[in-house]
Amino acid sequence: MNATSRLAMTLDDFSNQTLAIVMVEVKKLWQDPAELATRAIQPILWLGVFGQVMSRARAIPTGSMSYIDFVTPGILAQSALFISIFYGISLIWERDLGVLHKYLATPAYRGSLVLAKAVSAGIRACSQAIIVYILALIMGVNLRLTPFAIAGVLVFIVLGAGVFSTFSLVIACIVKTRERFMGIGQVLTMPLFFASNAIYPISVMPEWLKILSHVNPLTYQVDALRTLMVQGGQSTLGLGTDLAVQAMVLAVLIIIGSKLYPRAII
C-alpha cells in the first residue's frame, strides 16, 4: 500500500469517527428540545431590550447603519459564544459517568474526538442563528437573505463555536472539576464579549482595548457576520482575514486539545 492510499484510509477513518461522535451529540440535543427554548431567552433580551434602547439613545456611532442592524450579528456571535464557552463541562460529565474512559479505550484518533465536539457545538450554535434570524425579521432588521449570505453566516457560526468550544475543552482538561471550570468560564465570557466589536465599533475603543480586540477571535467572527448578515454591512478586517484567523485558531486548539484529551481522566 502506497503513501497516498494510507493517507486516504486515515482521512476516511478520521472523518467516520468524527461523524459518529457528532451524531451522538446531535441525538442528545434532539432529545432535549427544552434547551433550545431556554437558549432563546438571552438573544431576545439583548435584541428586544438592549438593542431597542441603544438604538433610540443613538449614543454609539454606527455610520449609515441603524444600531439594531449593527448589533444583531454581535448578539448572534454572543449567543454562540455563551453556548460554546461552557461546552467543556460535558467533558467533565463524561469523565464522571465513565463515558470518556470508553472513548479513550477505542482506537479513535484523539483529534477526531476533539473535532467532533467542535462540530457539535457549531450545530447547537446554528440553532441560535435560526432564533436570531426570526427575531431580527420580526424587529425589521435589514437582513441579507441570499443563499450565499446565509451559508456564509452558518460557516462562520460553526467556526466560531468550534474555536470557543475547543478552547473550553482545553480548559476542562486542565482544571478537571466542574466548580473550577464554571468559575473560569464566567471570568472569560464577559471579557471576550466586551473586548470585541459585538456591541460597538472598534473605532470608538480606547487604544489598549483596540489591541485586545485584534487578538480576540470573537472580533473576527462578528466582523464576518456583520458583513454577511445585514444589508450595508462592510468588513473592516476582510472576510479572508476573518476566515483565516478563525480556521488557524481552531486548528491550533484542536492540536492542543488532542494532546490534553487523554489527561482529562487522570
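The values are calculated or read from the model by the stated rules, or taken from the named source; none is laboratory data. This structure is a prediction, so every number in the text was calculated from the model and none was measured. Every residue, glycine among them, receives a Cβ derived from its backbone with ideal geometry; neighbour counts consider all protein chains shown.
A few points about this structure:
- Taken together, the criteria exclude A129 from residues that are out of contact with any His (no Cβ under 9 Å at 6 or more places or on another chain), under 18 Å from Y261 (Cβ atoms) and among the aliphatic types (A, V, I, L, M).
Per-residue answers, yes or no, for (1) of a type outside the set (G, A, S); (2) surrounded by fewer than 22 Cβ atoms within 10 Å (Cβ to Cβ); (3) touching a Gly at 6+ places or on another chain (Cβ under 8 Å):
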{"position": "A161", "(1), (2), (3)": "no, no, yes"}
{"position": "T166", "(1), (2), (3)": "yes, no, yes"}
{"position": "E179", "(1), (2), (3)": "yes, yes, no"}
{"position": "A195", "(1), (2), (3)": "no, yes, no"}
{"position": "I199", "(1), (2), (3)": "yes, yes, yes"}
{"position": "P206", "(1), (2), (3)": "yes, yes, no"}
{"position": "V245", "(1), (2), (3)": "yes, no, no"}
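- Within the stretch 56-98, tally of residues that are surrounded by fewer than 14 Cβ atoms within 10 Å (Cβ to Cβ) and of a type outside the set (D, E): 10
- Single residue of the stretch 111-153 satisfying the filter (in a helix (DSSP H, G or I) and polar (S, T, N, Q)) that is modelled with the lowest pLDDT: S112
- M65 vs. criteria at pLDDT below 70, more than 30 Å from L91 (Cα to Cα), aliphatic (A, V, I, L, M) and not in a helix (DSSP H, G or I): no
- Look at the stretch 120-131: where a residue is crowded, with 22+ Cβ neighbours inside 10 Å and a partner is not acidic (D, E) and not in a helix (DSSP H, G or I), sitting 6+ places away or on another chain with Cβ atoms under 7 Å, you get A121/Y87.
- Out of A198, A172, sole residue that is of a type in the set (A, V, I, L, M), in a loop (DSSP other than H, G, I, E, B) and either under 19 Å from the mean Cα position of the chain (by Cα) or closer than 23 Å to R39 by Cβ (or both): A198
- Taken together, I211, I255 contain a single residue that is β-branched (V, I, T) and touching a residue at least 24 places away in the same chain (Cβ under 8 Å), which is I255.
- Residue selection: F156 satisfies the criterion of being touching an Asp or Glu at 6+ places or on another chain (Cβ under 9 Å), of a type in the set (F, W, Y), under 30 Å from I60 (Cα atoms) and surrounded by 15 or more Cβ atoms within 10 Å (Cβ to Cβ).
- Residue in the stretch 217-236 that is surrounded by 22 or more Cβ atoms within 10 Å (Cβ to Cβ) and of a type in the set (D, E) present: yes
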